[in-house]
Each structure stands twice: as C-alpha cells, then as structure tokens.
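Notes follow the structure.
A short reminder: the numbers here are calculations on the coordinates, not readings from a lab. All of these numbers come straight from a predicted model, not from anything done at the bench. Don't worry about glycine lacking a Cβ; one is built from the backbone with ideal geometry, like all the others, and counts go over all protein chains shown.
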Amino acid sequence: MTRDSTNRKARVERDTLETRIRVSLDLDGSGRSNLKTGVPFLDHMLDQVARHGLIDLDIQAEGDLHIDAHHTVEDIGITLGQALAQALGDKKGLRRYGHAYVPLDEALSRVVVDLSGRPGLEFNVDFTRAMIGGFDVDLFREFFQGLVNHAAVTLHIDNLRGANAHHQAETVFKAFGRALRMAVEPDPRMAGITPSTKGAL
C-alpha cells in the first residue's frame, strides 16, 4: 500500500486465497480507466465512477469466478476503499460532503457522501430484477459495504425510481462518481483546515 505524498494518488494490492486485486487511483485525474476485473458489468459501472468522478482508475483483479463473483466484487470494494483512504490523506482543505442526483431515462438515483472517518452505508435500491446479464445485483451492496468500511466514509444511496435494472445501477454509479468528485474537491476557503469541529476526520 503506497501513497504519493505530492499528489492525491494511491496504489493498493490485496492478495487472499480467493482473490488478487491491484488498484491504482488518482483523485486529480481526467476520468481515464483501465479495468480488468473479470466481471464485465462491474467494469462498466466502475468506468462510470472514473468518468463522472474525474478519477483515473486502474483495477486489475483475479478471483475465484468459477464459484461466483461474490469474493471478487467485495474485495474490489475493499481495495478501492483502502486506496481512497490513502489518497485522501488527512482530508485537510476538502469540501468533505458531496451529493448528486443522476437520471437515466426513467431511472433516478441520489447519492450523498461524507468523508466522515466513520464507515456507514444506507443502500436503498429495489432492483426490478435479480440479475443484469450474468451479474447478481445483490453484489452491489457488498461492493459498497466493502468500500465504506475501508474508506471510512458515510454513504447514502437511494434509487428514487426506475423500471430498468441496468438503468437503476448505472444511475447509482454515476451519482456516486459525481458525489465523490464534489466531496474530495479542495475548498479554497478551507485551505489547511480540517473540515470538522473535532479537528480530525
């Protein structure tokens, strides 16, 4: 696990008996992504986070997909959360809070994030079907739970409406990217200041 002290970049590696994950990210990127998770629909969703969050994201994963995608998806969330925490550092001078509403045709989702230093997830997405292609929609909660636990952020995800499960998922990930982009943005009025009355996050 390494952090670039001059830029908001991080690289994290996670090896277990079930998965081998490599994540690199740059919070001040341009939205480029290089994604090879072995789970095509997750790649599609992570590309939305990179593009709409203006985060350069490189994720390489090998997992026990012969069983199912659960361990791979969860461990990617964990590793991405660790990388995010590393890249954020002490969080001084950041906006801390971010929110976004994103529509896609009939679907609309809202995501609110707080770089609170405390892991918390409220995930309210009633998918209209259990599978999107070969992807089990239950794994989205596992992904975000792993991420918030290891990034130590509070995350509220609400799909407000939607009839197409692909659209529901895509609005969630686009909104997450946009909300994260807002939260990690430097606030010139908070330069050098921790955005908390506690003095630490």
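Brief remarks follow.
- DSSP beta bridges confined to the chain are antiparallel in about 80 percent of cases.
- For the chain, a Gaussian network of Cα nodes joined below 10 Å ranks Ala50, Ala183, Ala163 by mean-square fluctuation, and the top entry is Ala163.
- Taking label points 7 Å from Cα along the Cα-to-Cβ direction, Glu185 and Asp158 give a separation of 2.2 nm.
- With the simple spin-label model, which puts each label point 7 Å out from Cα in the Cβ direction, the Thr16 to Leu121 separation comes to 1.3 nm.
- Cα-centre dipole for the chain with unit charges at Cβ (Lys and Arg positive, Asp and Glu negative), debye to 20: 980 debye
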